[in-house]
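J.: To start, I am sharing the structure in question, which I have written as structure tokens.
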Amino acid sequence: IKAQEALIAELEAKIAAIKLENAKVESRNVIRTLTYLTQADKDGLFAEVNAQTSIEAIAPITQKAKDLNAQRKFEAELKAAKTTATKIINGLKDLTTDQRNAFLSQVNNAQVIEDVNAIAKTAQAQAATNVLKKVKADAHKQIDGFSYLSTGVRATYRDRVTNATSSTDVSSILAEAQAENAKKEQEQAFKIYQDAII
């Protein structure tokens, strides 16, 4: 009986050792698939797994590896988002230097990808706003130069330009003002011509 009990104990120890080794192999296989871990990370985790003497101690190491991989993935994706946002912001030629620097600083300090993307969108909107302001200022200048329009008519066109919400609208209003100015100029020239022949 004692010999049988010893044999059973030996078999149980062998089975436990095989199970432990299988658990280690599974853990190492999982760790190998974690693409955001460096080889040094993996080597350190493999050493931890190999040093364990119980199956229960292996699962927390595998989870630690998964958590580290998730963290590294997040960091890599955040870095990539920041790089993209920086390129977008630097490409917006209609931002002032102060605006560009402020947006780049916000991107640099952002901690989540959603914030980085939102900052880039805000920068694009600001650039569009700057373009619209410039287009409006140019249109106001041109309208002020339409000397054949009365002061009141010029003021009306200026107000319409001020309230426009797109560059296309500003262009339409300006074209309308130009056409009316040209028409008034022709009317005045015709009147001068008529007065001259009478």
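J.: On a C-alpha basis, how far is the centre of segment 72-100 from the centre of segment 123-164 in Å? Whole number, if you could?
T.: Here the two parts' Cα centres lie 32 Å apart.
J.: Find the centroid of the Cα atoms in segment 8-30 and in segment 103-121, then give the distance between the two in whole Å.
T.: For segment 8-30 versus segment 103-121, the Cα centre distance is 49 Å.
J.: Please list, in order along segment 88-96, the HN-Hα scalar couplings obtained from phi with the Karplus expression 6.51 cos²θ - 1.76 cosθ + 1.60 (θ = phi - 60°), rounded to whole Hz, x for Gly and Pro.
T.: 4, 5, 5, x, 8, 5, 8, 7, 6
J.: Still on this model: Residue by residue, what Karplus-based ³J(HN,Hα) values in Hz, rounded to whole numbers, does segment 26-43 have, using 6.51, -1.76 and 1.60 with θ = phi - 60° and x for Gly and Pro?
T.: Ordered by residue, 3J(HN,Hα) equals 4, 4, 4, 4, 4, 4, 4, 7, 7, 6, 8, 8, 6, 4, 5, 4, 5, 4 Hz.
J.: Between I197 and S150, what FRET efficiency follows from the Cβ-Cβ distance if R0 is 35 Å, with the result rounded to 0.05? Working shown, then result.
T.: Details: r = 27 Å, r/R0 = 0.76.
Given R0 = 35 Å and the Cβ-Cβ separation, E is 0.85.
J.: Counting only helical runs of four or more DSSP H residues, what would the 222 nm mean residue ellipticity of the chain come to if each run contributes -39,500 (n - 2.57) and the total is spread over all its residues? Kindly include the intermediate steps, with their values, before the conclusion.
T.: On the way: 7 runs with 166 residues, N = 198.
Estimated from H runs of four or more residues: -29500 deg cm²/dmol.
J.: Okay, next question. Once both axes come from the Cα atoms, what is the angle between helix 167-197 and the longest principal axis of the chain, in degrees from 0 to 90, rounded to 10?
T.: 10
J.: Relative to the present Cα-Cα distance, how much length would full extension add between K79 and T129 at 0.36 nm per residue of separation? Don't skip to the end; give the middle numbers.
T.: Numbers: separation 50, 0.36 × 50 = 18.00 nm, distance 2.80 nm.
Here the answer is 15.2 nm.
J.: Compute a Gaussian network model of the chain, connecting alpha carbons closer than 10 Å, and tell me which residue from L68, L34, L11 fluctuates the most.
T.: Greatest mean-square fluctuation among the candidates belongs to L11.
Coordinate-derived values only; no laboratory data. Not measured: the values here are computed from a predicted model. Here Cβ is always computed from backbone atoms with ideal geometry, including for glycine, and neighbour counts include all displayed protein chains.
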